[in-house]
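Everything below concerns the one structure shown next.
The values are calculated or read from the model by the stated rules, or taken from the named source; none is laboratory data. Predicted, not measured: the structure shown is a model, and the values here were computed from it. Please note: Cβ atoms are built from the backbone with ideal geometry, for glycine as well, and neighbour counts cover all protein chains shown. Just the protein is used for accessible areas: all its heavy atoms, side chains included, with ligands, DNA and RNA removed. Shrake-Rupley method; radii C 1.70, N 1.55, O 1.52, S 1.80 Å.
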Amino acid sequence: MFWEMFIVIEEAEDFLSMAHQLQEKLVMYRHHLHAIPELDLSLPRTAAYVKEVLESMGFEPTLVGESGLMVTIGGQQAGKVLLLRADMDGLPIQEETDLSFASLNGNMHACGHDLHTSMLLGAAEILKANEGQLHGTVKLMFQPGEETLHGAKMMLESGILDNPKVDAAMMLHVLTGMPIPIGQFVVPEAGGAISASSDWFEIIIRGRGAHGAMPEAAVDPLNVAAHLHLALQGILSREISPIDNAVLTIGVMEGGSTNNVIPDTARLKGSVRTFNTALRDNMEARIRDISAGIGETFQAKMDVIYTRGCPEVITDSGLNQQMRTSIANTFGAGSYIGITELVPGGKLMGSEDFAFVSQAVPSTTVFLNAGNTEEGYGYPVHHPKTMFSDEVLYKGAAAYAAFARDWLDSNR
């Protein structure tokens, strides 16, 4: 037993040492990617760069859907197949940092996807160098379109989980603006949902316009919109148990163009987030019912356009345990905290389209803090001034690679 433990620790140190040696290269990858952020599924420059780097390592990347890339490592020894995923797209945000490698194209890597991609490229090099020792196969998924919740589903529909068939999956996501040390990992404890589903809706209110001095001749869609906004909030306050979690946000209320005209139409747009399918379905049904009822009350016609985004991310308790073990063996005691120590209840209301993968195969997620509030990283993700520390890049690469090796070893 002692000898087996020594071997595990030695191998963990080898992977960490390799990742350390790759740090300068990872910084170069990250700075290049940060300067050229692209959106949604159309990532021509990003995908071309990732493909070039992978080819320089000896891989032959396969295009999966639009801008998605996949490579496999191992398979020389029989075993299971593990998927490691990194997202590559940016956000339509004008960057407001003073970084020397800041984006100037009107888009921004404000969610850390440039770090994720660079880390997975590092893991690719580590795993390639140890390919003959892998007891199974590692499949790398470089994904576009996470921010729009299009990319993972597209790659699944294009067969990313097949040939060879994937048995389990893992993703990593960086954090910033957090009151925990830079380099601290955050790992889910129990299995179950850890991030919310995400859906969008648009409600078009069709009334009858009139002169502002003659409201009796109108069916005022702005009045309808005001009542509808308040009524929809009643779903949360009076129809959902306080121990359940849901968000209904109205992000757009618009209508009219001048101060003395009642317009014909108005529009509301919003989003819904939940942690289970039954509540998700009920939210949609109630939005439709309440909209119809308010419309009938005020004699307006209502069109509800409801779009399903992605489901909740589900983690597997066994994979979460393996993640904790791998992180501890690789980086030492105290290198991670449980997600409930960072977020009460261990659930994030933000959404993540890795959910489509997690609904298809057992999955796990690890978070890595790349920005401490006390060290000048005061802005959260999706903010034009948000920044991430380069110093965590080697840690992410080592975490990806170590988990892949350890899970395959444990599931021969």
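Computed over the Cα atoms of the stretch 205-310, the ratio of the radius of gyration to the Kirkwood radius (Rg/Rh) comes to 1.04.
Based on the Kirkwood radius over alpha-carbon pairs, what value in µm²/s does the Stokes-Einstein equation return for the translational diffusion coefficient of the stretch 320-369 at 20 °C and 1.002 mPa s?
Details: Rh = 12.4 Å.
For these conditions, the coefficient is 172 µm²/s.
Using only Cα atoms, find the angle between the long axis of helix 2-21 and the longest principal axis of the chain, and express it within 0 to 90 degrees, rounded to the nearest 10. On a 0 to 90 degree scale, this one is about 70. A simple rule links phi to the HN-Hα coupling: the Karplus curve 6.51 cos²θ - 1.76 cosθ + 1.60 with θ = phi - 60°, which for the stretch 269-277 gives 10, x, 9, 10, 9, 9, 10, 8, 5 Hz, with x for Gly and Pro. Partner aspartates and glutamates whose Cα lies under 12 Å from the Cα of LYS153, excluding those fewer than 8 positions away in the same chain, are identified as GLU66, GLU352, ASP353.
Put simply, when 160-169, 107-116 are sorted by average Cβ atoms within 10 angstrom per residue, most first, you get 107-116, 160-169. Of all the options ALA193, ALA399, ALA300, the one that moves most in a Gaussian network model of the chain with Cα springs shorter than 10 angstrom is ALA300.
Using helices alone, I'd like the mean residue ellipticity at 222 nm for the chain: each DSSP H run of four-plus residues gives -39500 (n - 2.57), total over residue count, nearest 500. Display every interim value, and only then the final one.
Working: 11 runs with 152 residues, N = 412.
It lands at -12000 deg cm²/dmol.
Size of the stretch 318-412 from its Cα atoms: along the principal axes, largest to smallest, the extents are 45, 30, 22 Å.
Computed with every protein chain present, the accessible area of HIS20 is close to 100 Å² [probe 1.4 Å]. Seen from a random direction on average, the alpha-carbon convex hull of the stretch 148-192 projects onto 5.3 square nanometres. Using a 1.4 Å probe over the heavy atoms of the protein chains, calculate the carbon and sulfur portion of the accessible area of the chain as a whole percent. The value for the chain is 52 percent carbon and sulfur by accessible area.
Note on ALA78 and ARG206: the extension gain reaches 39.8 nm, defined as 0.36 nm multiplied by sequence separation minus the Cα-Cα distance.
Helix 23-34 versus the longest principal axis of the chain: what angle, 0 to 90°, nearest 10, using Cα atoms? Between helix and principal axis, roughly 20 degrees. At the listed q of 0.16, 0.18, 0.25, 0.27 Å⁻¹, the Debye profile of the stretch 14-80, built from one uniform point per Cα, gives log10 I(q)/I(0) equal to -0.72, -0.86, -1.16, -1.19. Ordered by 1.4 Å accessible area with all protein chains kept, TRP407, TRP200 run largest first as TRP200, TRP407. Between the entries [x] 20.3, 66; [y] 23.9, 88; [z] 20.1, 62, the label attached to Rg and Dmax of the Cα atoms in Å calculated for this structure is [y]. For the set MET119, MET18, the ranking by accessible area, highest first and with no ligand, DNA or RNA atoms included, is MET18, MET119 under a 1.4 Å probe.
Taking each pair of different alpha-carbon atoms in the stretch 1-146 once, compute 1/r for the pair, average those values, and report the inverse of that mean as the Kirkwood hydrodynamic radius in Å to one decimal. Don't skip to the end; give the middle numbers.
Values: mean 1/r = 0.0615 Å⁻¹.
Over the stretch 1-146, the inverse of the mean reciprocal pair distance is 16.3 Å.
Most fluctuating residue of GLN94, GLN184, GLN21 in a GNM of the chain with Cα springs under 10 Å: which is it? Result: GLN21 has the largest fluctuation of those listed. With N counted as the residues of the stretch 250-293, its alpha-carbon radius of gyration over 2.2 N^0.38 Å works out to 1.58. Taking the longest Cα principal axis of the chain as reference, the axis of helix 113-129 is set at about 20 degrees.
Of the listed residues ASP406, ASP316, the order by accessible area with a 1.4 Å probe, largest first, is ASP316, ASP406.
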